[in-house]
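**Q** Here it is, the structure in full.
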Amino acid sequence: MADYLETTIAPAAIERAMSIFEGFKDRNHAALVQARKALTDHIFGQIAAGKTDGHRLVVSGLTYLKSLERMAESGKP
């Protein structure tokens, strides 16, 4: 089951969340690379914590990315 989650569910959730995230607004390539790395770490962390529903992983990932974006924006002068 763990292999299925890591090889099928996680990559699908990451791709879906990134697709949605990219559609929110234009971002440069570097920002998207950083977002994908953070999202990948987050999704695999969620799976390690026992979360297995692909749709919930996508929503959790998008929420996480949005919170990171807000934190970055609040730190700007």
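The values are calculated or read from the model by the stated rules, or taken from the named source; none is laboratory data. If you're wondering where the values come from, they're calculated on a predicted model, not measured in any experiment. Because the Cβ atoms are built from the backbone with ideal geometry, glycine has one as well, and the counts that use them run over all protein chains shown. Side chains included, ligands, DNA and RNA excluded: accessible areas come from the protein's heavy atoms. Shrake-Rupley method; radii C 1.70, N 1.55, O 1.52, S 1.80 Å.
**Q** Taking the stated definitions as given, is GLU6 under 14 Å from LEU62 (Cβ atoms) and either hydrophobic (A, V, I, L, M, F, W, C) or open to solvent by 60 Å² or more (accessible area, probe 1.4 Å) (or both)?
**A** Working: under 14 Å from LEU62 (Cβ atoms): no; either hydrophobic (A, V, I, L, M, F, W, C) or open to solvent by 60 Å² or more (accessible area, probe 1.4 Å) (or both): yes.
No: the conditions fail for GLU6.
**Q** Considering only the range 9-22, how many residues are among the β-branched types (Val, Ile, Thr) and either surrounded by fewer than 17 Cβ atoms within 10 Å (Cβ to Cβ) or under 19 Å from SER67 (Cα atoms) (or both)?
**A** Just the residues of the range 9-22 that are among the β-branched types (Val, Ile, Thr), to begin with: 9, 14, 20.
So of that shortlist, the ones also either surrounded by fewer than 17 Cβ atoms within 10 Å (Cβ to Cβ) or under 19 Å from SER67 (Cα atoms) (or both) come out as 14, 20.
Number satisfying all stated conditions: 2.
**Q** Quick one: in the range 23-49, which of the residues that are under 15 Å from LEU62 (Cβ atoms) and assigned to a loop (DSSP other than H, G, I, E, B) is most open to solvent (accessible area, probe 1.4 Å)?
**A** Taking the candidates together, the pick is LYS25.
**Q** Might you let me know whether the range 3-12 holds any residue that is out of contact with any Phe, Trp or Tyr (no Cβ under 7 Å at 6 or more places or on another chain) and part of a loop (DSSP other than H, G, I, E, B)? Reasoning before the result, please.
**A** The first filter runs over the range 3-12 and keeps only residues out of contact with any Phe, Trp or Tyr (no Cβ under 7 Å at 6 or more places or on another chain), leaving 3-9, 11-12.
Filter once more, so that each one left must be part of a loop (DSSP other than H, G, I, E, B): none.
No - not one qualifying residue is present in the range 3-12.
**Q** So which residues in the range 23-50 are among the charged types (D, E, K, R) and either within 14 Å of the chain's Cα centre (by Cα) or under 14 Å from ALA12 (Cα atoms) (or both), if there are any at all? Working first, answer last.
**A** In the first step, residues of the range 23-50 are kept if they are among the charged types (D, E, K, R); the result is 25-27, 36-37, 41.
Correct list: ARG36, LYS37, ASP41.
**Q** Let me ask something additional. Filter the range 60-77 for residues that are open to solvent by 50 Å² or more (accessible area, probe 1.4 Å), of a type in the set (A, V, I, L, M, F, W, C) and touching a residue at least 12 places away in the same chain (Cβ under 8 Å) and give the result. Show your work before the answer.
**A** Of all residues in the range 60-77, those open to solvent by 50 Å² or more (accessible area, probe 1.4 Å) come to 63-64, 66, 68, 70-77.
Checking which are of a type in the set (A, V, I, L, M, F, W, C) leaves us with 68, 71-72.
Across the range 60-77, the qualifying residue is only LEU68.
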